[in-house]
1. Considering each residue of segment 1-33, count those that are open to solvent by 20 Å² or more (accessible area, probe 1.4 Å), over 12 Å from LYS131 (Cα atoms) and assigned to a strand (DSSP E or B), and give that number.
2. Got a sec? Which of SER7, SER2, SER77 is without any contact (Cβ under 8 Å) to a residue 40 or more places away in the chain and at negative phi?
3. Identify all residues within segment 37-55 that are out of contact with any strand residue (DSSP E or B) (no Cβ under 7 Å at 6 or more places or on another chain) and among the hydroxyl-bearing types (Ser, Thr, Tyr); write none if there are none.
4. Of all residues being at pLDDT 95 or above and of a type in the set (D, E, K, R) in segment 84-104, which is most open to solvent (accessible area, probe 1.4 Å)? Just the residue, please.
5. Name the pairs: first residue in segment 134-145 and closer than 13 Å to ASP13 by Cα, second residue open to solvent by 70 Å² or more (accessible area, probe 1.4 Å), Cβ to Cβ under 9 Å, at least 6 apart or on different chains?
Amino acid sequence: MSTITKSADVNADVTTVYNQWTQFADFPRFMEGVDRVDQLDDRHTRWTISIAGVTKEFDATITEQHPDERVAWSSDSGPTHAGVVTVHRLDQDHTRVTVQMDIDPDGFVENVADKLGILDRRVQGDLDRFKTFIEQRDGAETGAWRGDVDRPAQNTP
């Protein structure tokens, strides 16, 4: 299992940045290898991705979501991964977006990509394109979902 942590500072307020991150259908506009994301309901998404010419689909569950703070997820199928995107207000007009993702590469190609640092560079590239996407829109998001998804209760003995 590998952990990737990357961030980017965006010239937009925290609410705009968070709102845009909730628009999963727009992810293919700035995420390399993401062909489509369908939001099935408030907690479930279906992803279609392309890696080295191979198309894969997987489902993911949003495990926690709080407006202007964070969106966390874990995969239900496909490559095993989980992560969280947090937004931090730097000042009125600037926001730091941080992605922390744990991934267990699935198959030879993904393992090689992980070992060569390609996954790290892809995540940083996606964040950089996200930054450009918002900034070229003059800080205007394409939509918003402001609902809360509480973290599942932890089973304690």
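1. Going through segment 1-33 one residue at a time, the tally reaches 4.
2. SER77
3. Scanning segment 37-55 gives no hits.
4. In the first step, residues of segment 84-104 are kept if they are at pLDDT 95 or above; the result is 84-100.
Still in the running and of a type in the set (D, E, K, R): 89, 91, 93, 96.
Working: ARG89: 155, ASP91: 65, ASP93: 86, ARG96: 91 Å².
If we take residues in segment 84-104 being at pLDDT 95 or above and of a type in the set (D, E, K, R), then ARG89 is most open to solvent (accessible area, probe 1.4 Å).
5. These pairs meet every condition: ILE134/ASN11; GLU135/ASN11; GLY139/ASN11; GLY139/ASP93.
The values are calculated or read from the model by the stated rules, or taken from the named source; none is laboratory data. From a predicted model like this one, the values you see are computed outputs, not experimental measurements. Ideal geometry is used to build each Cβ from the backbone, glycine not excepted, and the neighbour counts take in all protein chains shown. Accessible surface areas use protein heavy atoms only, side chains included; no ligands, DNA or RNA. Shrake-Rupley method; radii C 1.70, N 1.55, O 1.52, S 1.80 Å.
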